[in-house]
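For reference, the structure is listed below as structure tokens.
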Amino acid sequence: MPRPQTKKDLQELSGKNYTKLMDYINGLPDEEQRREFPLETMNRNIRDVLAHLYHWHLMVLEWYEVGMRGEQPDIPSKKYNWRQIPQLNRDIWEKYNATPLEEAKVLLEKSHLDIMGLVDRHDNDALFERGRYKWTGNNALGAYLVSCTSSHYEWGLKLIRRARKKR
């Protein structure tokens with residue numbers, strides 16, 4: 001399915017890709033879920049991927065909250081700009097390095113539901129009209145939501161599959 005351009009498509013593809021990701025992971029034996037990836041990936045295991053997805057959800061939820069108060073959120077973060085995403089992602093990796101896999105699953109499930117609740121509260125125009133909100137600039141709110149859900153879940157699943165194939 002192409003990148004979602006409507007609320008319905010965003011809801012469907014986000015749900016579908018989240019379910020595919022989690023079903024794939026949960027279908028693996030416990031030992032395989034905890035196994036390390038090959039060295040060339042920053043995210044070293046499934047837990048790292050799930051924690052990465054979770055943290056990006058938190059960032060988008062914070063941008064939304066700050067932006068809807070009429071303030072300008074620090075996007076992507078107070079400390080980093082878009083050219084510094086690799087270092088931001090490294091910091092995310094370090095922050096959750098000691099998080100157990102089961103906790104990462106629970107955190108991601110909650111943040112996924114929070115993001116989808118945010119999608120549910122808006123109509124199609126509120127999600128996909130470019131520049132509707134001052135804080136999103138020339139982007140649509142939906143662009144941020146697509147990036148942290150359907151597209152990101154697909155990235156996570158591909159990364160996990162690729163890592164397993166290389167072992």
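A short reminder: the numbers here are calculations on the coordinates, not readings from a lab. Bear in mind that the values here come from a model prediction, so they are computed numbers and not experimental data. Here Cβ is always computed from backbone atoms with ideal geometry, including for glycine, and neighbour counts include all displayed protein chains.
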How high is the relative contact order of the chain, in percent, counting Cα pairs under 8 Å that sit 6 or more residues apart? 37 percent
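Using the Cα centre of the chain as the reference point, and only Cβ charges (+1 on K/R, -1 on D/E), how large is the resulting charge dipole? Debye, rounded to the nearest 20.
Working: 28 positive and 24 negative charges, 127 e Å.
The calculated dipole for the chain is roughly 600 debye.
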For each of 66, 119, count neighbouring Cβ atoms within 10 Å of the residue's Cβ, then give the residues from fewest to most. 66, 119
Calc'd 3J(HN,Hα), the stretch 8-18, phi into Karplus 6.51 cos²θ - 1.76 cosθ + 1.60 (θ = phi - 60°), Hz, glycine/Pro = x, comes to 4, 5, 5, 4, 5, 6, 5, x, 4, 5, 5
Across 5 Å bins from 0, what is the distribution of all Cα-Cα pair distances for the stretch 96-167, in whole percents? 3, 14, 16, 20, 18, 12, 9, 6, 2, 0
Test of understanding: in a Gaussian network model of the chain with alpha carbons linked when under 10 Å, which of 123, 48, 30 would top the mean-square fluctuation ranking? 30
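Given the DSSP H assignment, sum -39500 (n - 2.57) over each helix run of at least 4 residues in the chain and divide by its residue total; what's the result at 222 nm in deg cm²/dmol, nearest 500? Can you show the working numbers first?
Numbers: 8 runs with 109 residues, N = 167.
Only helices count here, giving -21000 deg cm²/dmol.
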Starting from the Cα of residue 129, step 7 Å along the direction of its Cβ; do the same at residue 84; then give the gap between the two resulting points in nm. 3.5 nm
Each residue of the stretch 98-115 in turn: what ³J(HN,Hα) in whole Hz from Karplus with 6.51, -1.76, 1.60 and θ = phi - 60°, glycine and Pro shown as x? 9, 6, x, 3, 4, 5, 4, 4, 5, 4, 5, 4, 5, 5, 4, 5, 5, 5
Based on Cα positions only, what radius of gyration and what Dmax would you give for the stretch 7-166, in angstroms? 16.0, 47
Say the dipole of the stretch 4-92 comes from +1 at the beta carbon of Lys and Arg and -1 at that of Asp and Glu; which of 70, 18, 85 then lies farthest toward its positive end? 70
Quick one: order 7, 95 by neighbouring beta-carbon count within 10 Å, fewest to most. 95, 7
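Which order results if 92, 46 are arranged by neighbouring Cβ count within 10 Å, fewest first?
Working: 92 22, 46 26.
Taking fewest neighbouring Cβ atoms as first place, the list is 92, 46.
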Report the Cα centroid-to-centroid distance between the stretch 103-167 and the stretch 22-40 in angstrom, as an integer. 22 Å
